[in-house]
Amino acid sequence: MRIEGQRESDNVEDRRGMGPARVGGVGGLGIGGIVLVLAVSYFTGINPLTLMNMLNGVQSVTESSAPSDEPAPTGSPNDQLGKFASVVLADTETTWRQLFGPRYEDPRLVLFTGAVQSACGTTSSAVGPFYCPVDHKVYLDLSFFNEMSHRLGAPGDFAQAYVIAHEVGHHVQNLMGIAEKVTRLQHQASEREGNALSVRMELQADCFAGVWGHHAKRERNLIEPGDFEEGLKAAAAIGDDRLQKMGQGYVQPESWTHGSSEQRMTWLRKGLETGDPKTCDTFASSRL
């Protein structure tokens, strides 16, 4: 990606090295949570589905390092990876301000290490990048990018940008009222039906990430040859079917929460090709 000289977002809160008071709490698995779960499963032998269920629910709260009394620095970080995340966030702001209009509210990106306190609870980095709809913030432990590259073979700067853009996609869903509606339906549904709704949510966020990528290429020339292929490879690497096959040796479609490799690639590609959020209505699609 061509990020040199690009605008950096001021909506970054750098909490790295500032541990929360507690570890645990509530936190839904973000796009990267399944990757770190797989790594933990590899070293401990625990079934990855068991770990996912634990991380998706209410965790027991344990004591950790005390938080710093100092406010977290805001604005673009000074390190290379932090600046990269800031540039990607800034470009998503440009895209969604244009597409969403004056109703668009910029999310804030919180960088952290180890664990973080959000309005959704105190959450370990084991859940991966995630979006909290209560405080409108995306939370990211940058060490996740190493896990994605080395554990699942999905390297590259656009693969990393896709992670951020996917979580921003959840913010767009929140602003549109989609997240609240799906949460309400999930409370009334069976576990299997709730999982199916989660898959549609995640695939739509993939498509929204692609919408950003389309405009980043067409309007600002941020995309270099091979970048989109990196993103599609990353989407395939974190498909539920692939992770289940790697983790337990067989596939359970009824337990999917993010979609198969093929589904994730399909919806990311749709956003990349069209640049139109209207094509991302996974809830109206009869075939994912």
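The values are calculated or read from the model by the stated rules, or taken from the named source; none is laboratory data. None of the values given here were measured: they were computed from a predicted structure. All Cβ positions, even for glycine, are placed from backbone atoms using ideal geometry, and neighbour counts span all protein chains on display.
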Just for the stretch 217-238: of the residues that are among the basic types (Lys, Arg) and assigned to a helix (DSSP H, G or I), which one is surrounded by the fewest Cβ atoms within 10 Å (Cβ to Cβ)? Arg218
Somewhere in the stretch 126-133, is a residue more than 19 Å from Thr257 (Cα to Cα) and either surrounded by 17 or more Cβ atoms within 10 Å (Cβ to Cβ) or out of contact with any strand residue (DSSP E or B) (no Cβ under 7 Å at 6 or more places or on another chain) (or both)? no
Among the numbered conditions (1) at pLDDT below 95; (2) within 22 Å of Asp157 (Cβ to Cβ), tell me where Leu55 comes up short. (2)
Among the residues of the stretch 153-169, which ones are in contact with a Lys or Arg (Cβ under 9 Å, 6 or more places away or on another chain) and either surrounded by fewer than 22 Cβ atoms within 10 Å (Cβ to Cβ) or closer than 25 Å to Arg97 by Cβ (or both)? Gly153, Pro155, Gly156, Ala159
Give the stretch 239-279 a look and list any residue that's outside any helix (DSSP H, G or I) and within 18 Å of His150 (Cα to Cα), or say none. Gly239
Working only within the stretch 134-150, note down all residues that are of a type in the set (Val, Ile, Thr) and buried (at least 24 other Cβ atoms within 10 Å of the Cβ). Val138
Does His214 qualify as being under 17 Å from Tyr104 (Cα atoms) and either modelled with pLDDT of 95 or more or buried (at least 18 other Cβ atoms within 10 Å of the Cβ) (or both)? no
Give the stretch 239-284 a look and list any residue that's free of Cβ contacts under 8 Å to residues at least 12 places away in the same chain and either surrounded by 15 or more Cβ atoms within 10 Å (Cβ to Cβ) or of a type in the set (A, V, I, L, M, F, W, C) (or both), or say none. Val251, Ala284
Report the residue count in the stretch 70-127 for those that are assigned to a loop (DSSP other than H, G, I, E, B) and free of Cβ contacts under 8 Å to residues at least 40 places away in the same chain. 4
Here is a check on your reading of the model: is Ser149 of a type outside the set (A, V, I, L, M, F, W, C) and either at pLDDT 95 or above or not in a helix (DSSP H, G or I) (or both)? no
Here are the criteria: (1) modelled with pLDDT under 95; (2) hydroxyl-bearing (Ser, Thr, Tyr); (3) within 26 Å of Thr74 (Cβ to Cβ). Tell me which single one Tyr139 does not satisfy. (1)
Scan the stretch 75-90 for residues that are at pLDDT 80 or above, over 17 Å from Tyr162 (Cα atoms) and surrounded by 14 or more Cβ atoms within 10 Å (Cβ to Cβ) and report the count. 1
